[in-house]
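Coordinate-derived values only; no laboratory data. Remember, it's a predicted structure, so these values are computed and weren't measured experimentally. Cβ placement follows ideal geometry from the backbone for every residue including glycine, while neighbour counts extend to all protein chains displayed.
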Amino acid sequence: MKKIVFSAVQPSGALHIGNYLGAIKNWVELQKNYRCIFCIADYHAITLKQNPRILKKKIFELVCIYLSAGINPKKSIIFVQSQVPYHTELAWILNCITKISELKRMTQFKQKSKEHPEKVNVGLFDYPVLMASDILLYQTDLVPVGKDQKQHIELTRSLARRFNKEFGKTFKIPKALIKKQSEKIMGLDNPLKKMSKSAEDPYNYIALTDTPKLIREKIKKAITDSGKEIKYDKEKKPGISNLLTIYSLLSKKSIPQLENQYKNKTYAEFKKDLAEVIIKSLTPFQEKLKYYQSKPEYVKNILEQGRKKAEKISQATIKEAKKKLGLLCS
Ligand code: AQP
């Protein structure tokens, strides 16, 4: 039996190279050796206000992004979270064993509620429990994510252990799979904060759909550090270190190789080349994206197949959890 990999992305904002390098790119490789399940986390997206018309478009676009990045629907399950009712059902069950103090400690909640105090709703607070339910429903072994999700996976592990201890073994205890080099791609406008979909300034990120002209402009404007040297030093040179990381991940050249290549060159020369490396990586992806976006029936069919498979696996887990709790199930 192959081990199970589960991960998800929210169909909100502009998907960026941080999401790609930190998560989706790694999923593609995992398909070779694991049973992979990739979800469009639309219920998570509505924890912040969404325009219904745009949300619908974003859900469809995200499926196309998965396919264009190399997720193969013949090997992996692709489905939309809100189309499988057991996610919210298990979230309710897990809510009943989650302490409020645990959720209050979640860094992402603390940050988001500080940034947007007027937008804090119960869903945003409870987001990590829904995420735990997403993962545990599929008896997941590994969850490939960026570093920002580490704390949520730790909570998932605690809840699974707690449930198993109290009611008998029901859930597998999953592990986070975080790749060191791509664990946290930082914002182009602020290399001390992660690149973020919901950033107000689009110059914070390179979106997967940005045009070559815009990519050149964004990289040109990206914050660098004082001094002239192109050298990796996360503490003293966070800006250039972040750009070196992106360059290295996309070109497959190591950071020392790049440092050597740009030894006597300027930031401007380095940035010019980096923009071209990004464009070269994104062009074939964007062509595929256009192709899938022109095939809505094909995409819908993939989602329907995915929904059926996801429902079957998750139904077995929810039944078991309800039985253990003494609830009636059909
Ligand atoms: N900057 C990043 N570097 C590396 N990985 C990242 N991820 C997100 N940002 C970075 C990883 O991308 C996956 C999908 O993220 P998500 O849709 O769950 O939303 P998020 O993590 O909340 O993404 P954003 O871009 O930061 O959106 P907002 O602005 O809404 O918070 C996850 O695996 C995540 O770790």
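Quick notes on this one:
- Filtered residue count, region 74-106, keeping only those that are more than 19 Å from the chain's Cα centre (by Cα), more than 16 Å from residue 133 (Cα to Cα) and outside any loop (DSSP other than H, G, I, E, B): 3
- Residue 125 being in contact with a Pro (Cβ under 8 Å, 6 or more places away or on another chain) and closer than 18 Å to residue 198 by Cβ: no
- Residue within region 208-223 that is touching a strand residue (DSSP E or B) at 6+ places or on another chain (Cβ under 8 Å) and touching a residue at least 60 places away in the same chain (Cβ under 8 Å) present: yes
- Per the conditions (1) assigned to a helix (DSSP H, G or I); (2) charged (D, E, K, R); (3) within 16 Å of the ligand (Cβ to nearest atom); (4) more than 24 Å from residue 290 (Cα to Cα), the sole criterion not satisfied by residue 49 is (1).
- Verdict on residue 209 being under 18 Å from the mean Cα position of the chain (by Cα) and not aliphatic (A, V, I, L, M): yes
- In region 289-330, of all residues being touching a Phe, Trp or Tyr at 6+ places or on another chain (Cβ under 7 Å) and β-branched (Val, Ile, Thr), the one that is farthest from residue 4 (Cα to Cα) corresponds to 299.
- Within region 1-27, tally of residues that are within 9 Å of the ligand (Cβ to nearest atom) and among the charged types (D, E, K, R): 0
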